[in-house]
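Participant: Below: one structure in structure tokens.
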Amino acid sequence: MHILFVHQNFPAQFKHLAPALAKDPNNQVVAMTMRPNQPTSWQGVRLVAYGAKRQSTPNIHAWITDIEAKVIRGEAAFHCAQTLKASGFTPDVIIAHCGWGESLFLKDVWPQAKLAIYSEFYYHARGADVGFDPEFPSQMTEDCRIRVKNLNNLLHFEVADAGLSPTHWQASTFPEPFRSKITVIHDGIDTQAITPNAAVSLSLNTAHGAITLTRHDEVITFVARNLEPYRGYHIFMRALPEILRQRPRAKVLIIGGDGVSYGKNAPNGQTWKEIFLREVREQLDLNRVFFLGQVPYPQFIGLLQLSRVHIYLTYPYVLSWSLLEAMSAGCTIVASDTPPLKEAIVDHQTGRLVDFFDTAALAKTVCEVLENPQESQRLGENARAFAQANYDLQAVCLPKQLAWVNELLKG
């Protein structure tokens, strides 16, 4: 079987599936990536780089900036695919993350290949992330922009044979008839590597000097790729003064960058991190609050193992891997009552859910959990058991993904 993966940041969501397929000597696995200076192969996967030949048009209409960028990337992938075809490679199956447009024209090169797209999110002007937070209201023109932004998805619906979504809620954002082509299988969490560790000890170099933390410390964690409203950073910061007031021994570890992964940039060249820190700075004991930035993955796992309470907040949007990793580490989760969280967190069973906007309820729930170690332990154990049963990479997710690929060939 000849299999082609397409992702501008490969391996990304395919970091387990692609090598697993490449282990079969009957498979030839190739991946197209925009990452520069990559080796020619990775874990049995042949890597082929491509790059855009032009930039977006200056001063183009704002509503079509997104689709133009995707067509530019799609054209680059198209020419790369033509070169691959000329070299003798013809895929039976193409598995692509369609979000950046690279897979738009691949069926024009290989019309007989099955095209499966990673269906991460379908945009909506109402009922999902846009307009969810009244603090950042959407403009009337947002409806128009969102409709045009979905052109990439709609063009893929015409050519894709199947879809793959990591959660049922993310799949539900897609319209019929394509929704019926989507299979829900999460990317998978290595629950054997990410485990509770009562003996964990971690030394951190902070702005206040070096500190060493163990499970004897009352550690609260908050994690996001970037500290921004989409992941509830502003809500968390507003709840933090009351949490610190009620828990005088607590130490708060905040992981995340200063940039923006989703949504709009902060105004006037500022960062969301500084805007919302400044809002509550005078109410915080900053000797107990540590902004760690983006940390190496082994240190990140150690921080989760230290955590007494892990706070996870999100708009109705894609689910972060970090939540499931926290569950696998046995963290006690306090999370926002927003989809797709309800697939993983059942209130009072695998964690606690609070209204996204209710900072008082967030503070109260965090303190309740810290006040009751037995209940906290029960929730953490349940969270890990749920992660093992539903998101384990080797036992659950990877076998399902491999079976899904085999079904693509039969269909």
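The numbers here are math on the coordinates, done by the rules we state, and not lab data. Computed from a prediction, not measured in an experiment: that's the story for all the values here. All Cβ positions, glycine included, derive from the backbone under ideal geometry; neighbour counts span all protein chains shown.
Participant: Over the chain, what is the percentage of antiparallel beta bridges among all DSSP beta bridges, to the nearest 5?
Facilitator: Percentage antiparallel, nearest 5: 15.
Participant: Then there's this: Below 8 Å, C-alpha to C-alpha, sequence gap of six or more: please give me the relative contact order for the range 201-391 in percent.
Facilitator: Dividing the mean separation by the residue count of the range 201-391 yields 23 percent.
Participant: On to the next question. Let me see the P(r) profile for the range 168-271: every Cα-Cα distance counted, bins of 5 Å, each bin given as a percent of all pairs.
Facilitator: 2, 8, 12, 14, 16, 17, 13, 9, 5, 3, 1, 0
Participant: While we're here: Taking other Cβ within 10 Å of each residue's Cβ, how do Asp129, Asp217 sort, fewest first?
Facilitator: Asp217, Asp129
Participant: Over the range 141-213, what is the relative contact order in whole percent, taking alpha-carbon pairs under 8 Å and six or more residues apart?
Facilitator: 21
Participant: Here is a follow-up. From the alpha carbon gyration tensor of the range 243-349, can you work out the equivalent ellipsoid semi-axes (sqrt of 5 times each eigenvalue) and give them in Å, largest to smallest?
Facilitator: They are 23, 19, 15 Å, listed from largest to smallest.
Participant: Please arrange Lys251, Lys410 by how many other C-beta atoms lie within 10 Å of their C-beta, fewest to most.
Facilitator: Lys410, Lys251
Participant: Further question: Give me the lysines in straight-line cross-link reach of Lys264: C-alpha distance below 16 Å, same-chain residues under 8 apart excluded.
Facilitator: Here the lysines satisfying the reach criterion relative to Lys264 are Lys149, Lys273.
Participant: Using only helices, what value at 222 nm comes out for the chain when you add -39,500 (n - 2.57) per DSSP H run of length 4 or more and divide by the total residues, to the nearest 500 deg cm²/dmol?
Facilitator: For the chain, the value works out to -10000 deg cm²/dmol.
Participant: Pull up all non-local amide H partners of Glu218: gap of 5 or more, or a different chain, and H-to-H distance under 5 Å with H placed in the peptide plane.
Facilitator: Sorted by chain and number, the residues that satisfy this are Lys251.
Participant: Give me the percent relative contact order of the chain, please, defined on Cα pairs under 8 angstrom at least 6 residues apart.
Facilitator: Result for the chain is 14 percent.
Participant: Of the candidates Leu362, Leu319, Leu286, which one comes out as most mobile in a Gaussian network treatment of the chain with C-alpha springs shorter than 10 Å?
Facilitator: In this elastic network of the chain, the residue with the biggest mean-square fluctuation among Leu362, Leu319, Leu286 is Leu286.
Participant: Straight-line reach from Lys342: which lysines have a Cα under 21 Å away, not including same-chain ones fewer than 8 places off?
Facilitator: Correct list for Lys342: Lys364.
Participant: Further, regarding this structure: Using Cβ counts within 10 Å as a stand-in for footprinting exposure, how do Ser201, Ser322 rank, fewest first?
Facilitator: Ordered by Cβ neighbours within 10 Å, fewest first: Ser201, Ser322.
Participant: Sticking with this one: Which value in Å is the Kirkwood Rh of the range 33-131 over different Cα pairs?
Facilitator: When all Cα pairs of the range 33-131 are included, the Kirkwood radius is 15.3 Å.
Participant: Further, regarding this structure: So what does log10 I(q)/I(0) come out to for the range 93-134 at q = 0.26, 0.28 Å⁻¹, using the Debye formula with one equal point on every Cα and no solvent?
Facilitator: Log-scaled intensity ratios, in q order: -0.86, -0.94.
Participant: What is the mean projected area of the alpha carbon convex hull for the range 201-391, to one decimal in square nanometres?
Facilitator: The Cα convex hull of the range 201-391, projected and averaged over all directions, gives 10.0 nm².
Participant: Another one. Please turn the phi angles of the range 61-78 into ³J(HN,Hα) values with the Karplus equation 6.51 cos²θ - 1.76 cosθ + 1.60 (θ = phi - 60°), one per residue in order, whole Hz, x for glycine and proline.
Facilitator: 3, 4, 6, 10, 4, 5, 6, 5, 4, 5, 5, 4, 5, x, 5, 4, 5, 4
Participant: Right, another one. I need the GluC sites (Glu not before Pro) found in the range 80-173, filtered to DSSP loop residues with at most 14 other beta carbons within 10 Å of theirs.
Facilitator: Passing both the DSSP loop test and the Cβ count: Glu135.
Participant: Return the single residue from Asp24, Asp337, Asp258 with maximal mean-square fluctuation; model: Gaussian network over the chain, springs between Cα atoms under 10 Å.
Facilitator: Of Asp24, Asp337, Asp258, the Gaussian network model singles out Asp24 as fluctuating most.
Participant: Note the full-extension length gain between Lys53 and Lys342 as 0.36 nm times their separation in residues minus their Cα-Cα distance, in nm to one decimal.
Facilitator: 99.8 nm
Participant: Straight distance only, please: which lysines reach the Cα of Lys85 with their own Cα at less than 21 Å, same-chain residues fewer than 8 apart left out?
Facilitator: Here the lysines satisfying the reach criterion relative to Lys85 are Lys53, Lys107, Lys114.
Participant: Here's another thing I want to ask about it. Cα centroid distance between the range 149-211 and the range 29-93, in Å?
Facilitator: The range 149-211 and the range 29-93 have Cα centres separated by 22 Å.
Participant: Taking amide H atoms as placed 1.01 Å from N in the peptide plane, list the residues 5 or more away in sequence, or in a different chain, whose amide H sits under 5 Å from that of Gly259.
Facilitator: It is Leu227, by chain and number.
Participant: What three numbers, in Å, describe the spread of the alpha carbons of the range 294-411 along their principal axes, ordered from the longest?
Facilitator: In descending order, the Cα extents are 54, 29, 28 Å.
Participant: Still on this structure: Please report the projected area of the chain's Cα convex hull averaged over all directions, in nm².
Facilitator: The Cα convex hull of the chain, projected and averaged over all directions, gives 20.8 nm².
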